[in-house]
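Worksheet: one structure, shown below.
The values are calculated or read from the model by the stated rules, or taken from the named source; none is laboratory data. The structure presented is a predicted model; accordingly, all values stated were derived computationally and were not measured. Here the Cβ positions follow ideal geometry from the backbone for every residue, glycine too, while neighbour counts run over all protein chains shown.
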Amino acid sequence: MPIGGFIITCAPEDLTAALEGIAAFPAVEVHGTDEKGSIVVVMDTETSEAMDDIVKTISRLPAILSVGLAYLNTEDEIGDEA
C-alpha cells in the first residue's frame, strides 16, 4: 500500500471549492491548510497506479493550481513484486 504526502495549491479564494473537490476521494485525508491556498494531504491507496490516477484527477479540478509530491513510501509494493 503506497502512502504519499502532497501539497496541493489553489488560489486563496478557491480554498473551499478545492477542499470540496478533494473530499470526493476517500483515499485522501486533509491534514491542514493555510491562508495562501496550500493544502496538506496524505493519500493511502492500494497501488501506485491508483494514487497516480487520483493525483491526475485532482490536478484537473478547476480550483486546483498544482499537486506536489512531498513524501512517498511504496515499500509494501516493492516487497510484493519480489
### Single condition Asp53 does not satisfy, out of (1) at pLDDT below 95; (2) surrounded by fewer than 15 Cβ atoms within 10 Å (Cβ to Cβ)
(1)
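Here's the yes/no breakdown for (1) touching a residue at least 24 places away in the same chain (Cβ under 8 Å); (2) closer than 14 Å to Val67 by Cβ; (3) basic (Lys, Arg):
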| site | (1), (2), (3) |
| --- | --- |
| Met1 | yes, no, no |
| Gly5 | yes, yes, no |
| Thr9 | yes, yes, no |
| Pro12 | yes, no, no |
| Phe25 | yes, yes, no |
| Val30 | no, yes, no |
| Thr33 | no, no, no |
| Lys36 | yes, no, yes |
| Val42 | yes, yes, no |
### Message
What pairs come out if I take residues in region 62-79 that are under 14 Å from Asp52 (Cβ atoms) and at pLDDT below 95 and pair them with residues that are β-branched (Val, Ile, Thr) and not in a strand (DSSP E or B) whose C-beta lies under 8 Å away, six or more apart or interchain?
### Response
Glu77/Thr47
## Note on the structure
Among the residues of region 4-26, the number that are among the hydrophobic types (A, V, I, L, M, F, W, C), buried (at least 16 other Cβ atoms within 10 Å of the Cβ) and within 17 Å of Leu72 (Cα to Cα) is 2
